[in-house]
Amino acid sequence: MKFISSTATLLKHLQTISGVIPNKVVIPILEYFLFEIRDGELTITATDLEITMRTKLAIEAREEGSIAVPARLMIDTLKSLPEQPVTFTINDETKSIEIKSDRGQYQITGDNADDFPKYIKMESANTISFPASILSSSISATAFAIGNDDLRPAMSGLYFQVLKDELSFVSTDGNKLVLYKRLDVKSDKEESFLIPKKVLTLLKSALPVNETEVLMEYNTKNARFKFNDLELVCRLIDERFPDYKAAFPTESPNKLRVNKQELASALKILVIYANRTTSMVKFALNGSALNMTAEDFDYTNKATESISCDYEGTPMEIGFNGRYLLEMLNVIDTEEVELALSQHNRPGVLQPGEQFEGEEISMLVMPTLINY
């Protein structure tokens, strides 16, 4: 088996899917790429058994075949070579792979393609499509709030809720919750499922920045994302996601409106002085000034900041984890933000000062107990 490919093109495709390969493998074959040549096209696959990514590129080839290729060794080799066509010659019997460039020859040993895990088949799948920008925006808005607690697997992924008139994305770690809605996506069927966090990281780095259409297929066990020459298929998290709607307060009569950048600047310095465990910043709300205090009693450190605001409601003192608020502010693009509150021991709901057309975002943050 023999084929020719550009070093830069091949390297780009390998790097796109290499993030699937786990750092610690139980099965040695997972450290390999699967190369398959059919009809002048090279299909490359990487997997960790739960997630599989596949990409395709055109090559010069006279024969068809397949072989498992050491992933790290192949990437390091291509990164060390200048842009040029290179020739791959593969001995089907010995699994030897010879790479020939303008200045040298390099030989590595592959493995049997039959030992590589089989590609996950999608059966009885529903489909929905939307621009890549929508998926990219949803990941950016929600990924930071996904939990990392192995004991709570239902919070370790992004909840996709496909409705007839909208597509909702929800994430939570128990302390903060993000609900991101796209009102410009329609579907004939209603369904919901949980996508693992690692999948989001892989998709975010691979998604194009243009309006390329993403085809999403899903059933009760798996989901597949297809765009351009790339496919990603993953096993869904088989857990029941918390009732996120019940977490939002039914009434929040107290409204705080403030400049986003001024609030973020104040919080950045306040969290330096806050308790290292809680990162609590106390908000004192009364009239046109927002007074904020952070204090670490263990080290007798204290800081205060005051910024102008528009507050409508009863005077209140409430504490929040300043780092959580900063994470939320980082995904809001409007000049102003609004924080809706009910009581000092009830969660606050942070939203942009105005919602953009076709999307809505609401972020819930739990309060931190103030020790008076």
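The values are calculated or read from the model by the stated rules, or taken from the named source; none is laboratory data. Since the model is a prediction, treat every value here as computed from it, not as a measurement. Cβ atoms come from the backbone with ideal geometry, glycine included; neighbour counts cover every protein chain shown. For the accessible areas, the whole protein counts, side chains as well, though only heavy atoms, and no ligand, DNA or RNA atoms are used. Shrake-Rupley method; radii C 1.70, N 1.55, O 1.52, S 1.80 Å.
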- [ ] Express in whole angstrom the spacing between the alpha-carbon centres of segment 133-150 and segment 299-352.
- [x] 21 Å
Task: Most to least accessible of M53, M155 (protein chains only, probe 1.4 Å) - done: M155, M53
TODO: Using only the Cα atoms of segment 6-46, each taken as one equal point scatterer with no solvent, compute I(q) by the Debye sum, divide by I(0), and report log10 of the ratio at q = 0.16, 0.18, 0.20 Å⁻¹.
DONE: -0.46, -0.56, -0.67
Task: Calculated SAXS-style log₁₀ I(q)/I(0) at q = 0.13, 0.14, 0.19 Å⁻¹ - segment 183-284, Debye, Cα scatterers - done: -0.87, -0.94, -1.03
Task: Under 5 Å, built H, 5+ apart or other chain: amide partners of M280 - done: N275, G322
TODO: Mind pulling the per residue volume of the convex hull built on the Cα atoms of segment 111-266? Å³ is fine.
DONE: 180 Å³
- [ ] Please find the FRET efficiency linking R152 to T277, where r is the Cβ-Cβ separation and R0 is fixed at 30 Å, and quote it to the nearest 0.05.
- [x] 0.90
Task: Evaluated at q = 0.11, 0.25 Å⁻¹: base-10 log I(q)/I(0), Debye formula over Cα of segment 272-372 - done: -0.34, -1.51
- [ ] Could you tell me which of rounded, prolate or oblate describes segment 118-172, using a ≥ b ≥ c as the square roots of the eigenvalues of the alpha-carbon gyration tensor, with rounded for a/c under 1.5 and, failing that, prolate when a/b is larger than b/c and oblate otherwise?
- [x] oblate
Task: Where D296, D111, D150, D184 fall by accessible area, highest first, once all protein chains stay in place (1.4 Å) - done: D150, D184, D111, D296
Open item on the list: Going by amide H atoms built from the backbone, whose H comes under 5 Å of the H on G110, apart from near neighbours?
Closed with: S96, I97
Task: Integer Hz, Karplus 6.51/-1.76/1.60 couplings in order for segment 41-56, x for Gly and Pro - done: 10, 9, 9, 10, 10, 9, 8, 10, 5, 8, 10, 10, 10, 9, 9, 10
Open item on the list: If I take every Cα pair under 8 Å that is 6 or more residues apart in the chain, average their sequence separation and divide by the length, what percent do I get for the relative contact order?
Closed with: 13 percent
Open item on the list: Give me the 1.4 Å probe accessible area per residue for the chain, excluding ligands and nucleic acids, in Å².
Closed with: 50 Å²
Open item on the list: Given points 7 Å out from each Cα along the Cα-Cβ axis, report the K189 to R72 separation in nanometres with one decimal.
Closed with: 4.2 nm
- [ ] Return one number: the angle in degrees, 0 to 90 and rounded to the nearest 10, between the long axis of the Cα atoms of helix 7-18 and the longest principal axis of the Cα atoms of the chain.
- [x] 50 degrees
Open item on the list: Take N91 and T250, extend 7 Å from each Cα along the Cα→Cβ direction, and tell me the distance between the two endpoints in nm.
Closed with: 7.6 nm
TODO: Work out which trypsin sites (Lys or Arg not before Pro) in the chain are exposed loop sites (DSSP not H, G, I, E or B, at most 15 other Cβ within 10 Å) and give the longest gap free of them.
DONE: 277-372
- [ ] Note down the magnitude of the dipole of the chain about its Cα centre, charges +1 on Lys and Arg C-beta and -1 on Asp and Glu C-beta and zero elsewhere, to the nearest 20 debye.
- [x] 580 debye
- [ ] Any chance you could list P(r) for segment 35-114, counting all Cα-Cα pairs in 5 angstrom bins from zero, rounded to whole %?
- [x] 3, 13, 23, 28, 22, 9, 2, 0
- [ ] Calculate what fraction, in whole %, of the accessible area of segment 204-254 sits on carbon and sulfur atoms when a 1.4 Å probe is rolled over the protein chains.
- [x] 46 percent
TODO: Subtracting the Cα-Cα distance from 0.36 nm times the residue separation, let me have the gained length for I307 to K118 in nm, one decimal.
DONE: 62.2 nm
TODO: Give the distance, in whole Å, between the Cα centre of segment 193-270 and the Cα centre of segment 13-38.
DONE: 26 Å
Open item on the list: Using a 7 Å offset from Cα along Cα-Cβ at L49, what residues in segment 1-39 end up with backbone N under 15 Å from the label point?
Closed with: 21-32
TODO: Scan around C309 for amide H atoms under 5 Å from its own, H built in the peptide plane at 1.01 Å from N, and keep only partners 5 or more places away or cross-chain.
DONE: A289, L290
Open item on the list: Output wanted: per-residue J couplings in Hz (rounded whole) for segment 321-332, from phi through Karplus 6.51 cos²θ - 1.76 cosθ + 1.60, θ = phi - 60°, x for Gly and Pro.
Closed with: 5, x, 5, 4, 5, 5, 4, 5, 4, 5, 9, 9
Task: Set of aspartates and glutamates near K79 by C-alpha distance (under 20 Å), chain-local residues within fewer than 8 positions excluded - done: E31, E98, D102
